[in-house]
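Heads up: the structure comes next, in C-alpha cells.
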C-alpha cells in the first residue's frame, strides 16, 4: 500500500492519475502500486480485481489500469471471474504468469548441491541435485557443478525471463557481492563466490545474489511455509552444522555486516568438543548431525544416510537410537530456549534433520525449551516443523533473485532494457 504521507492514485483527480505515468512523483507512486499488486499476487496467489482493490486501498478503475500495465509487461493474466455472493458485476480473476520472471535458485550443502528454476508465485519448474564428489569440495569445482546442472534446467526457458540467480551458502556471506567470508563446514575462507558464479554462468555480477542458507530458509518459510502470517520468527536448520535465520518485525534481521544468526556457534557447553570454527562447546557440536552420529554409535550407515538410518531405527523402537534422538532434542531445546529469551519470536520453524526427526525429538525438545525459557516469553510460542522441507532454502534463494522484479515490475515492460543484463 502507498505510504500514508503520499496520496495514492485513487485519491487523485482523473487528470492527475492520467499524468502520473510521466510525472516523476506520480511515476514513483505508480511503481509502488504496481509492485504492491504484483507482490500480493506473488505471495497470496490468484485474486479477483475487487479483492485486490480492497486489500491495497485502490479504486476499481485504478486496479484495472494497474492490471493492464502488468499484462503489458507479461507478468499477469486475467482469466475467469470470482464467484459472486452478492449483487454487482462479476470481478475478473488475476493470476501471475510464473514463466514471466524466473530465478535460478541454488542451495549449497556440505554433502550436495541443488539447483531449481522457480518462477513468480513460487512455481517450481524443475529441480536437479548432485552429491559433492568429496568432503571439502573446492569452490571452483562446486561452481562448475552448478553450471552443469543449470544448463538442462534453463534450456527450455526464454533467456530474457531468467532474471537472476539466488544462492544459499552455509557460511558468513556478504550480500552486497556474494563474498563468503567463512564457511567452516565447507572448508572455505575468503571466497568470492558471487563473482565466480557470475563468471561460470556468463552473467552480469548484479544478476547473482548470494546469502546465508539459514537466512534464506527463514525467508522461504516466511513467504511460503510455516512462517506465513508471523512477523517474528526464527528458522533453525540442522545438518552437519546448525544455522538460524531471523525475521523480526516482518523484516530479515541480518546484522551490521549481514552475519547475524550464526546460532550454531552459540556457546552451550563450555567443556564440550572443539568445533570446526575453532571454538569449543558450540551448539552444533551437541545437537548437529555429527553429535547424533556419535550418540547412535558405529553401527549406523555412512554419513550421507545418517538421518534416514536413525529414523528407521527410532521407528523400530531401537533403544540406542531413541536415546540419541532424545539427547539431540534436549540440546536443541536448550539452544532454542536461549533464542526465545533473546528474540521473543512468535514461531520457531525447524528445518533439515530437525524437521525429519521432529515427531520423535519433540517431547525432549519442548521440555528443554520450557526449562530454559522465561514464562513471559513462552506465551503463545509455537515450535513447528518446516512446511517446505528441503525446499525452504531454494524458495528463499528464488525470492532473493526475484526481488528486483517484485520491487519494480516495469523493468520487464517491452522495449525496456533488462536491468540485469543479457
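The values are calculated or read from the model by the stated rules, or taken from the named source; none is laboratory data. Just so you know, these numbers come straight off a predicted model, no measurement behind them. Here Cβ is always computed from backbone atoms with ideal geometry, including for glycine, and neighbour counts include all displayed protein chains.
Observations on the model:
- One residue alone among 143, 110, 115 is surrounded by 16 or more Cβ atoms within 10 Å (Cβ to Cβ), modelled with pLDDT of 95 or more and more than 30 Å from residue 40 (Cβ to Cβ), and that residue is 143.
- Condition broken by residue 36, with the remaining ones in (1) exposed (fewer than 15 other Cβ atoms within 10 Å of the Cβ); (2) touching a residue at least 12 places away in the same chain (Cβ under 8 Å) satisfied: (1)
- Single residue of 66, 75 found to be in contact with a helix residue (DSSP H, G or I) (Cβ under 9 Å, 6 or more places away or on another chain), crowded, with 21+ Cβ neighbours inside 10 Å, in contact (Cβ under 8 Å) with a residue 60 or more places away in the chain and outside the structural domain of residue 187 (by TED's automatic domain parsing): 75
- Residue that is surrounded by the fewest Cβ atoms within 10 Å (Cβ to Cβ), among those in the range 337-350 that are more than 20 Å from residue 388 (Cα to Cα) and in contact with a strand residue (DSSP E or B) (Cβ under 8 Å, 6 or more places away or on another chain): 343
- Being within 20 Å of residue 399 (Cβ to Cβ), part of a helix (DSSP H, G or I) and modelled with pLDDT of 50 or more holds for only one residue in 52, 37, and it is 37.
- Put simply, of 164, 168 the only residue that is touching a helix residue (DSSP H, G or I) at 6+ places or on another chain (Cβ under 7 Å) and more than 24 Å from residue 282 (Cβ to Cβ) is 164.
- Positions within the range 120-141 being more than 17 Å from residue 395 (Cα to Cα) and under 21 Å from the mean Cα position of the chain (by Cα), in sequence order: 130
- Per-region count, the range 172-217, residues in contact with a helix residue (DSSP H, G or I) (Cβ under 7 Å, 6 or more places away or on another chain), closer than 27 Å to residue 249 by Cβ and buried (at least 21 other Cβ atoms within 10 Å of the Cβ): 7
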